[in-house]
Amino acid sequence: MGDACKYAAVTGANKGIGFETIKQLAISGVTVVLTARDEKRGTEATSLLNEQGFSNVVFHQLDVQDAQSIESLAKFVQTQYGRLDILVNNAGASGMVPDEDVLRAINMDLVDWVR
């Protein structure tokens, strides 16, 4: 894969630290998937960033405590980009355990993920 483009997903990114993380990644040329549990807030945040010139930011709904929602995001990333280079877990949920099969499905190295 000679693709020099990087792909990232940021959880809980419709405001605050997550929102700023999205901006910084987008400024760096990374294609970023902004995720949020609330679809309306997520789409509004993405629209705001797009209006500010960040055309490399897209939205996908994600509830990090819902297995179907996680699977949906994994399928979206795999279909659209083929891989995920950066994952920023900013969502305000506790007790999360990474699903190793999902991480493998999006070509994410488990050793890199836990660093």
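Scanning region 1-54 for residues that are in contact with a Gly (Cβ under 7 Å, 6 or more places away or on another chain), under 14 Å from ILE86 (Cα atoms) and small (Gly, Ala, Ser) yields a single hit, GLY18. The residues of region 66-83 that are more than 22 Å from ALA4 (Cβ to Cβ) and free of Cβ contacts under 8 Å to residues at least 60 places away in the same chain, listed by number, are ASP66, ALA67, GLN68, SER69, ILE70, GLU71, SER72, ALA74, LYS75. Taken over region 1-26, the residue count meeting the criterion of being in contact (Cβ under 8 Å) with a residue 24 or more places away in the chain, open to solvent by 60 Å² or more (accessible area, probe 1.4 Å) and part of a helix (DSSP H, G or I) is 1. Going by the structure shown, is SER28 over 15 Å from the mean Cα position of the chain (by Cα), modelled with pLDDT of 95 or more and closer than 16 Å to ALA8 by Cβ? Spelling it out, SER28 is indeed over 15 Å from the mean Cα position of the chain (by Cα), modelled with pLDDT of 95 or more and closer than 16 Å to ALA8 by Cβ. Within region 87-115, if we keep just the residues that are open to solvent by 50 Å² or more (accessible area, probe 1.4 Å) and β-branched (Val, Ile, Thr), the residue that is modelled with the lowest pLDDT turns out to be VAL114. For beta carbons closer than 8 Å, sequence separation of 6+ or different chains, a first residue in region 35-64 that is without any contact (Cβ under 8 Å) to a residue 24 or more places away in the chain and a second that is part of a loop (DSSP other than H, G, I, E, B) and among the aromatic types (Phe, Trp, Tyr), there are no qualifying pairs. The residue that is nearest to LEU103 (Cα to Cα), counting only those in region 65-85 that are of a type in the set (A, V, I, L, M) and either surrounded by fewer than 19 Cβ atoms within 10 Å (Cβ to Cβ) or out of contact with any strand residue (DSSP E or B) (no Cβ under 8 Å at 6 or more places or on another chain) (or both), is ALA74. Only a single item in (1) closer than 24 Å to ASP101 by Cα; (2) open to solvent by less than 60 Å² (accessible area, probe 1.4 Å); (3) in contact with a Leu (Cβ under 9 Å, 6 or more places away or on another chain) is not met by THR46, and it is number (1).
Among the residues of region 49-64, those identified as within 16 Å of ALA13 (Cβ to Cβ) and open to solvent by 60 Å² or more (accessible area, probe 1.4 Å) are ASN50, GLN52. A single member of THR35, THR21 is under 23 Å from GLU71 (Cβ atoms) and in contact with a strand residue (DSSP E or B) (Cβ under 7 Å, 6 or more places away or on another chain), and it is THR35.
The values are calculated or read from the model by the stated rules, or taken from the named source; none is laboratory data. Quick caveat, the model's predicted, so the values are computed rather than measured. Reconstructed Cβ throughout: ideal geometry from the backbone, glycine too, with neighbour counts over all protein chains shown. Side chains included, ligands, DNA and RNA excluded: accessible areas come from the protein's heavy atoms. Shrake-Rupley method; radii C 1.70, N 1.55, O 1.52, S 1.80 Å.
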